[in-house]
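Asker: Sharing a structure with you now.
The values are calculated or read from the model by the stated rules, or taken from the named source; none is laboratory data. These figures come from a predicted structure and were not determined experimentally. We place every Cβ from the backbone using ideal geometry, glycine too, and count neighbours over all the protein chains shown. Side chains included, ligands, DNA and RNA excluded: accessible areas come from the protein's heavy atoms. Shrake-Rupley method; radii C 1.70, N 1.55, O 1.52, S 1.80 Å.
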Amino acid sequence: MDVQRRPLKPPQAAAAAAHRPSLHNQHRPSNHQRSSSSPAALDPPSPKASDALPFPLYLTNAVFFTLFFSVAYYLLHRWRDKIRNSIPLHVVTFPEIAAIVSLIASFIYLLGFFGIDFVQCFIFRASHDAWDLDDLIDEQPPSNLCCTNAVSPPPPPISKLVDPEPIESSISSIEDEEIVKSVMDGKIPSYSLESKLGDCYRAASIRREALQKMNGRSLAGLPLDGFDYDSILGQCCEMPVGYVQIPVGIAGPLLLNGFEYSIPMATTEGCLVASTNRGCKAIHASGGATSVLLKDGMTRAPVVRFDSAKRAAELKFFLEDPVNFDTLSTVFNRSSRFARLQGIQCALAGKNLYMRFSCSTGDAMGMNMVSKGVQNVLDFLQSDFPDMDVIGISGNFCSDKKPAAVNWIEGRGKSVVCEAVIKEEVVKKVLKTEVAALVELNMLKNLAGSAIAGSLGGFNAHASNIVSAIYIATGQDPAQNIESSHCITMMEAVNEGKDLHVSVTMPSIEVGTVGGGTQLASQSACLNLLGVKGASKELPGANARLLATIVAGSVLAGELSLMSAISAGQLVRSHMKYNRSSRDVTKIAP
């Protein structure tokens with residue numbers, strides 16, 4: 001391949017190079033001799049265009065700049081006079097001809113100077129690249145110089161520098177090996193293994209083996225055995241290849257409404273369980289917390305379109321008319337024996353209508369239940385409004401798994417407020433801070449700070465931490481942590497400023513004790529620990545409502561502890577102690 005060489009050398013060096021023997025026979029100077037040579041002798045400076053000028057470069061540039069602008073001004077002035085005196089512009093005098101020639105000459109110089117300088121910077125850079133290549137060849141040992149045209153191979157990609165872990169096969173039969181090959185060749189779709197084999201564990205192991213071979217990466221650290229794959233078929237997760245282990249810690253007991261609860265929290269964040277546990281201790285020592293369920297209603301909001309805004313408004317008036325509610329409620333409630341329509345809130349955007357249905361859903365979180373009820377109502381409305389075009393069963397006015405003001409204001413799922421009065425001695429001995437300091441910090445951080453940030457429902461310290469940990473442990477939908485973590489934390493000095501009143505208001509806690517991931521063995525055990533496993537037989541919906549209040553009480557404990565740690569300056573120290581382990585657990589695992 002052609003390699004750009006360095007600029008020509010001085011005549012002496014060129015003559016010496018002409019009589020130099022071949023690379024594999026010539027005597028190469030030692031590293032010491034190279035280092036002792038001066039840089040000027042080895043790499044003479046390359047010639048530049050400015051070396052040919054009779055005057056210094058700055059003086060030449062100044063002359064041509066002055067000439068260019070002077071003659072340009074002179075010509076413009078002369079042409080203006082000709083226009084005023086009605087003299088044709090093509091009639092020129094000798095001074096004007098000289099000025100035009102000077103303008104062209106100075107323009108050519110300036111263009112050439114800057115153009116040459118611009119091109120020369122690239123030539124200079126390329127020549128330096130060639131020098132670096134020569135130096136690299138010169139520094140190779142003599143054994144590598146037998147072939148002067150050899151080029152070293154490019155460095156391997158970063159992913160190849162680390163040896164991949166060996167792939168551990170979980171396939172033991174020849175029949176399964178053939179199925180793995182069929183999956184890799186695309187003859188058997190990976191998603192159909194469960195239905196074709198009739199064995200969910202076997203399907204997961206074959207899919208896992210095919211995945212490892214196709215990617216060339218091991219999944220040895222991802223557990224496969226010890227999980228009931230039949231329990232998730234068609235309900236929780238498709239195409240499984242294993243399961244993820246998340247440690248579950250226990251905080252508490254939390255004294256809430258006169259009962260004690262041990263709170264399961266699945267998390268990988270250090271200090272979270274310990275901090276929540278300290279908050280539970282402070283609440284317990286002060287007589288416990290009290291929670292109140294304000295509202296219970298899951299929502300779904302379809303979007304429909306009409307040919308005109310007037311027609312869309314007619315449906316809005318029809319849905320919001322109390323006379324029609326009983327009929328709509330009867331149609332909606334056919335979807336389930338637990339679904340009970342509570343209300344319909346409409347919003348109009350031109351000829352598009354958004355209808356936000358709210359209903360109780362028993363002990364289920366209720367997304368599927370309310371969607372079925374909404375579909376019944378849409379089918380019913382089609383007879384009276386045949387021109388209604390259903391665009392989508394969900395129009396984001398619900399709003400599910402997204403931060404939205406409608407959930408913050410109107411609520412979604414369970415709306416809960418939880419409060420406690422923490423005694424002064426508990427604040428000092430357990431929380432290691434002062435009541436006045438907590439009140440001031442809460443105002444400046446959770447209220448003013450969040451307002452400055454433009455927060456939506458985020459007027460708290462870390463409600464999302466506790467909600468996520470409990471959701472994962474109890475089989476809730478982790479994505480609904482977004483709206484479920486809407487929370488405003490309030491702190492106020494009471495009893496003549498001695499004690500602390502703390503509360504959390506959470507308008508959209510979305511939980512259930514049946515359906516989804518709640519039926520998995522691990523999650524079911526955590527629900528059983530709280531005493532809310534499954535559906536309540538005595539009072540439908542009681543278990544889900546109780547779980548929502550427990551979530552709010554746990555958030556109250558977490559808020560109290562973290563705010564105290566920040567107030568007392570303990571946050572960094574605690575994380576450095578509990579969340580900075582240098583132990584490599586991958587080498588400890590069997």
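Asker: In segment 211-299, if the dipole is taken from +1 on Lys/Arg beta carbons and -1 on Asp/Glu beta carbons about the Cα centre, which of G249, G297, L222 is farthest to the positive end?
Answerer: Comparing the listed Cα positions along the dipole, G249 ranks first.
Asker: Oh, and also: Compare Y74, Y471 by solvent-accessible area with a 1.4 Å probe and give them largest first, with all protein chains kept in place.
Answerer: My answer, sorted largest first, is Y74, Y471.
Asker: I'd like to compare 559-568, 492-501: which one has the highest average count of other Cβ atoms within 10 Å, and what's the full order after that?
Answerer: 559-568, 492-501
Asker: What is the pair-distance distribution P(r) of segment 270-345, computed from all Cα-Cα distances in 5 Å bins starting at 0, with each bin given as a whole percent?
Answerer: 3, 10, 13, 14, 11, 8, 6, 8, 8, 9, 7, 3, 0
Asker: What area, in nm² and to one decimal, does the C-alpha convex hull of segment 232-359 cast on average over all directions?
Answerer: Working: hull surface 56.0 nm².
Projected area, direction-averaged: 14.0 nm².
Asker: Can you give me the distance in nm between label points at K372 and E168, each placed 7 Å from the Cα along the Cα-to-Cβ direction?
Answerer: 4.3
Asker: Now, a different point. Send over a whole-number figure in Å² for the accessible area per residue of segment 418-526, probe 1.4 Å. Could you put the intermediate results ahead of the total?
Answerer: Working: 4210 Å² over 109 residues.
That works out to 39 Å² for each residue.
Asker: Over segment 175-307, what percent of the accessible surface lies on carbon and sulfur atoms, probe 1.4 Å?
Answerer: Working: 3350 of 6520 Å².
With neighbouring chains kept in place, the figure for segment 175-307 is 51 percent.
Asker: If you count, for each residue, the other Cβ atoms within 10 Å and average over each peptide, how do 226-234, 302-310 line up from highest to lowest?
Answerer: Packing order, densest peptide first, comes out as 302-310, 226-234.
Asker: May I ask you to derive the FRET efficiency for N85 and A62 from their Cβ-Cβ distance with R0 = 51 Å, giving the value to the nearest 0.05?
Answerer: 0.90
Asker: At a temperature of 25 °C and a viscosity of 0.890 mPa s, determine how fast segment 448-530 diffuses translationally according to Stokes-Einstein, using the Kirkwood radius over alpha-carbon pairs as Rh; express D in µm²/s, rounded to the nearest whole number.
Answerer: Diffusion coefficient, whole number: 170 µm²/s.
Asker: While we're looking at this one, here's another question. What is the packing order of peptides 514-521, 294-301, 459-466, taking the mean over residues of other C-beta atoms within 10 Å and listing the highest first?
Answerer: Per-residue mean Cβ counts within 10 Å order the peptides as 459-466, 294-301, 514-521.
Asker: Over segment 174-242, with the other protein chains present, what is the accessible area per residue in square angstrom, probe 1.4 angstrom?
Answerer: Result: 56 Å² per residue.
Asker: Okay, moving on. Counting only Cα atoms, I'd like the Rg/Rh figure for segment 343-499, Kirkwood definition for Rh.
Answerer: Result: Rg/Rh = 1.11.
Asker: Looking at the P(r) of segment 184-238, how many percent of alpha-carbon pairs lie beyond 14 Å?
Answerer: Beyond 14 Å sits 56 percent of the P(r) for segment 184-238.
Asker: First compute the accessible area of segment 334-445 with a 1.4 Å probe, then give the percent of it belonging to carbon and sulfur atoms.
Answerer: Numbers: 2640 of 5050 Å².
C and S fraction of accessible area: 52 percent.
Asker: W408 accessible area, nearest 10 Å², 1.4 Å probe?
Answerer: Its heavy atoms expose roughly 60 Å² to the probe.
Asker: Could you state the accessible area per residue of segment 287-356 in Å², with a 1.4 Å probe and every protein chain left in place?
Answerer: With the other protein chains kept in place, segment 287-356 gives 49 Å² per residue.
Asker: Could you tell me the largest-minus-smallest coordinate of the C-alpha atoms of segment 242-287 on each of the three principal axes, in descending order and whole angstroms?
Answerer: Sorted from largest, the Cα extents of segment 242-287 read 44, 19, 9 Å.
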